[in-house]
1. For the range 209-256, which residues satisfy the criterion of being of a type in the set (D, E, K, R), closer than 30 Å to residue 66 by Cα and within 28 Å of the chain's Cα centre (by Cα)?
2. Suppose we keep only residues that are more than 27 Å from residue 105 (Cβ to Cβ) and hydroxyl-bearing (Ser, Thr, Tyr) within the range 130-160. Which one would you say is surrounded by the fewest Cβ atoms within 10 Å (Cβ to Cβ)?
3. Output yes when any residue across the range 153-161 is hydroxyl-bearing (Ser, Thr, Tyr) and assigned to a strand (DSSP E or B), and no when none is.
4. Does residue 63 qualify as being surrounded by fewer than 17 Cβ atoms within 10 Å (Cβ to Cβ), in contact (Cβ under 8 Å) with a residue 60 or more places away in the chain and over 15 Å from residue 273 (Cα atoms)?
5. Kindly provide the set of residues from the range 184-213 that are of a type outside the set (Lys, Arg) and part of a loop (DSSP other than H, G, I, E, B), ordered by number.
6. Here is a check on your reading of the model: is residue 146 out of contact with any Gly (no Cβ under 6 Å at 6 or more places or on another chain), modelled with pLDDT of 95 or more and within 25 Å of residue 196 (Cα to Cα)?
Amino acid sequence: MRKLIVIVMLLFISGCAYAQQTSDIGVQVAAATYWGDIQKVDYSKSISPMFGLFGRWNFNKRLAIRGQLLTGNLQAQGLFSNSYIDQPSYVPTTVPPTYQRDLTYAYSFSRSIQTVEGLFEFNFRNYKLGNMKKEAFTPFLALGVGVLYSRAPLLNSFILDPNPAISANPLATPPVPFDLYSPFVDGDNKKTNGFDVLTLTIPVGAGLKFNLTKRLGGMVEMMVRKTFSDNIDNLNDPKRYQNPISSGTVPVLSYSPAVSGLNNNDWFATFAFSLSYQIGSDVGDCSVYHLLKNRK
């Protein structure tokens, strides 16, 4: 028992010797990009800006926690093959609306997103904001959990029903189909780009912290986020929309039922630069000498 007490005391004292316990706040500017169900993404047209605010509590020179809010856009342009797609540039002229199928399989989306995240940070070197000498910089890792929200964009590509509209003369033999299609709608009568997204995320990142002045620090960070939604790109369970199957006694093309999580592979990443300002100073050394001194 005595040995256990001694070990605990030594760990406590050694941890206190590195006590920093400061706090800082900051702003962040980032470039965001996506990867998921869209194929051959044109990343020259698929990078968008994001902005954020954060607060950080430093337990010591190696460990910290960060809470942050990010807002901005996420977009991508690419291909989605073997599917019935409409592009937002086409304006329907019929009632009810019908659309032309894009035979190039070009696909795009653009969403406004907001995320709230809590992150645990580990510094590889002793680092203290404001120290301009040996503790002035450190590489670090970050891991956490977040929540992402995005309202339905209502614009950009969406999926069409694979059956073409029938000629205005239903008595024509055989009926003459127009090369026009109606929007595919789910059970709640919404197009594929008509759904909000609310999902958990797992952010994982790495970067470099460095000091600029006695209270001002900088940070460069690359962070990847796994989402638990398959609809950020308006393609919930995408394989159901590729190569529709024929069903019924009268052959009609249709999509297979969606299976939640079947093809869940929507991710996004940010490359960010941040500035932080120290608002809390050291609370003091908690060495044995300091503890005994405070008891007097």
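1. Initially, the range 209-256 is screened for residues of a type in the set (D, E, K, R), giving 209, 214-215, 221, 225-226, 230, 233, 237, 239-240.
Within this subset, residues satisfying the condition of being closer than 30 Å to residue 66 by Cα are 209, 214-215, 221, 225-226, 230, 233.
209, 221, 225, 226, 230, 233 - these are the residues of the range 209-256 that are of a type in the set (D, E, K, R), closer than 30 Å to residue 66 by Cα and within 28 Å of the chain's Cα centre (by Cα).
2. In the first step, residues of the range 130-160 are kept if they are more than 27 Å from residue 105 (Cβ to Cβ); the result is 130-149.
Still in the running and hydroxyl-bearing (Ser, Thr, Tyr): 138, 149.
Working: 138: 20, 149: 14.
Checking each candidate, the answer is 149.
3. So far as the range 153-161 goes, no, none of its residues is hydroxyl-bearing (Ser, Thr, Tyr) and assigned to a strand (DSSP E or B).
4. yes
5. Listed by number, the residues that qualify are 184, 186, 187, 188, 189, 192, 193, 194, 195, 196, 212, 213.
6. Taking the combined requirement at face value, the residue satisfies it.
The values are calculated or read from the model by the stated rules, or taken from the named source; none is laboratory data. Please read these numbers as outputs of a predicted model, since none were measured by experiment. Note that we place each Cβ from the backbone using ideal geometry, even for glycine, and neighbour counts take in every protein chain shown.
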